[in-house]
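Trainee: Starting off with a structure, shown below.
The values are calculated or read from the model by the stated rules, or taken from the named source; none is laboratory data. Please read these numbers as outputs of a predicted model, since none were measured by experiment. Because the Cβ atoms are built from the backbone with ideal geometry, glycine has one as well, and the counts that use them run over all protein chains shown. Ligands, DNA and RNA are excluded from the accessible area calculation, which covers all protein heavy atoms including side chains. Shrake-Rupley method; radii C 1.70, N 1.55, O 1.52, S 1.80 Å.
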Amino acid sequence: MEKLQLSFLFKIIGLGSASGLIYQNNTILAIGDNSTYLYEYHIDSAKLDRHPLTENAQENIPKNQKQDLEAITQFKDSLYIFGSGSTENRTKMLHMDAKSKKVLATKDVSDLYLALQSFGEIKPDDFNLEGAIHNGENWFLFNRGNGKTNKNVVFTITGKNLTTDFRILSNAYKLPKIKGVRSSFTDAILVEDKIYFLATSENTESTYDDGEILGSIIGRIDIETMQLDFTKKIEGNYKLEGITLFQKTKDSIEFLVCEDKDNDVLESSIYKLIIKNSLYNK
């Protein structure tokens, strides 16, 4: 059996440009980067519910108007959704109740994003958050290094809140190339004391314009040392953007991941990604 396996599971019809996933109780919670809905997909019945994130929620929002919701994370009964920060209208963080799916607060985190750019020495044109983790004590935000300077950075943020009282640490990573193009973070999840992340190679030097998709990798970072444990190319030329834990067994760890095809078709493919323990236990 291969140490790394990607297999297609199903398509979610009605969800386009999937960018983040959370799996729980045979249900997938998902966001799309051109939408202002939270999607709730019931796997057994294939039923898709939409929960509005704004007063006038929309789908297939024009690129120059969208909030570009790229990152979702959960801690206990709270969901947090972040805009990418790649333009001035993409700087919102939404706090939701995970049970009722109601928005509790919408916060402008533009001051935080400016501080991250300054601290990480990232130019505004190279700033593009695509992953978020919250473990109750720390926030981890992932800058996708698909700009000209390839700044793949994980920000660790502590403090009372993300608007007026926060402290920042940063770690930069030089991720592998695929066909000569540097891969860049697209999502991440914390499992015990390890961060598992996806990264994609896209032939563009812009955080705004899409490019040819050359493939994706899976990697792992130790949360104590913030050092890379491993990276591995995933077979195929997929732009994998969302990752969530499916199950962990004695011999492997299994994730669900989603594909973003950068189009306005309202369907998203969900895959299972299996990592055998023997891949990194050498």
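For (1) at pLDDT 95 or above; (2) open to solvent by less than 50 Å² (accessible area, probe 1.4 Å); (3) within 21 Å of residue 82 (Cα to Cα), each residue gets a yes or a no:
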residue: 210; (1), (2), (3): no, no, yes
residue: 219; (1), (2), (3): yes, yes, no
residue: 269; (1), (2), (3): no, yes, no
residue: 280; (1), (2), (3): no, yes, no
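Every residue, every condition in (1) of a type in the set (S, T, N, Q); (2) closer than 21 Å to residue 272 by Cα, yes or no:
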position: 6; (1), (2): no, yes
position: 32; (1), (2): no, yes
position: 60; (1), (2): yes, no
position: 72; (1), (2): no, yes
position: 83; (1), (2): no, no
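Trainee: Filter the range 14-36 down to the residues that are more than 23 Å from residue 185 (Cα to Cα) and at pLDDT 95 or above and list them by number.
Mentor: 26, 27
Trainee: Collect the residues in the range 97-139 that are buried (at least 19 other Cβ atoms within 10 Å of the Cβ) and among the acidic types (Asp, Glu), keeping them in residue-number order.
Mentor: Answer for the range 97-139, where residues must be buried (at least 19 other Cβ atoms within 10 Å of the Cβ) and among the acidic types (Asp, Glu): 126, 130.
Trainee: Look at the range 140-152 and say how many of its residues are open to solvent by 10 Å² or more (accessible area, probe 1.4 Å) and in contact with a helix residue (DSSP H, G or I) (Cβ under 6 Å, 6 or more places away or on another chain).
Mentor: 2
Trainee: Something else: Select from the range 73-124 the residues that are of a type in the set (Ser, Thr, Tyr) and either within 20 Å of residue 164 (Cβ to Cβ) or touching a helix residue (DSSP H, G or I) at 6+ places or on another chain (Cβ under 8 Å) (or both) and list them in ascending order.
Mentor: 78, 80, 91, 106, 110, 113, 118
Trainee: When you check residue 202 against the structure, is it among the charged types (D, E, K, R), within 14 Å of the chain's Cα centre (by Cα), crowded, with 16+ Cβ neighbours inside 10 Å and within 26 Å of residue 231 (Cα to Cα), yes or no?
Mentor: no
Trainee: Starting from residues that are in a strand (DSSP E or B) and either within 17 Å of residue 84 (Cβ to Cβ) or not aliphatic (A, V, I, L, M) (or both), keep the ones in the range 186-199 and report whichever is most open to solvent (accessible area, probe 1.4 Å).
Mentor: Once the filter is applied, the top-ranked residue is 194.
Trainee: Mind checking which residues of the range 138-172 are closer than 18 Å to residue 220 by Cβ and not in a strand (DSSP E or B)?
Mentor: Of everything in the range 138-172, those that are closer than 18 Å to residue 220 by Cβ and not in a strand (DSSP E or B) turn out to be 138, 144, 145.
Trainee: Could I ask something else about it? If you take the residues in the range 1-21 that are open to solvent by less than 20 Å² (accessible area, probe 1.4 Å) and among the hydrophobic types (A, V, I, L, M, F, W, C), which one is nearest to residue 269 (Cα to Cα)?
Mentor: Step by step, filter the range 1-21, then rank; the result is 12.
Trainee: Give just the number: which of (1) within 22 Å of residue 24 (Cα to Cα); (2) touching a residue at least 40 places away in the same chain (Cβ under 8 Å) does residue 125 not satisfy?
Mentor: (1)
Trainee: Residue 100: closer than 23 Å to residue 198 by Cβ and either touching a Phe, Trp or Tyr at 6+ places or on another chain (Cβ under 7 Å) or modelled with pLDDT of 95 or more (or both), yes or no?
Mentor: In short, no.
Trainee: Okay, moving on. Which residues, taken from the range 233-262, are open to solvent by 20 Å² or more (accessible area, probe 1.4 Å), under 18 Å from the mean Cα position of the chain (by Cα) and touching a residue at least 60 places away in the same chain (Cβ under 8 Å)?
Mentor: Passing the criteria: 238, 245, 246, 259, 261, 262.
Trainee: Can you pull out the residues in the range 173-185 that are open to solvent by 20 Å² or more (accessible area, probe 1.4 Å) and not in a strand (DSSP E or B)?
Mentor: Of everything in the range 173-185, those that are open to solvent by 20 Å² or more (accessible area, probe 1.4 Å) and not in a strand (DSSP E or B) turn out to be 174, 176, 179, 180.
Trainee: Would you mention how many residues in the range 55-82 are under 19 Å from residue 264 (Cβ atoms) and either among the hydrophobic types (A, V, I, L, M, F, W, C) or at pLDDT 95 or above (or both)?
Mentor: 3
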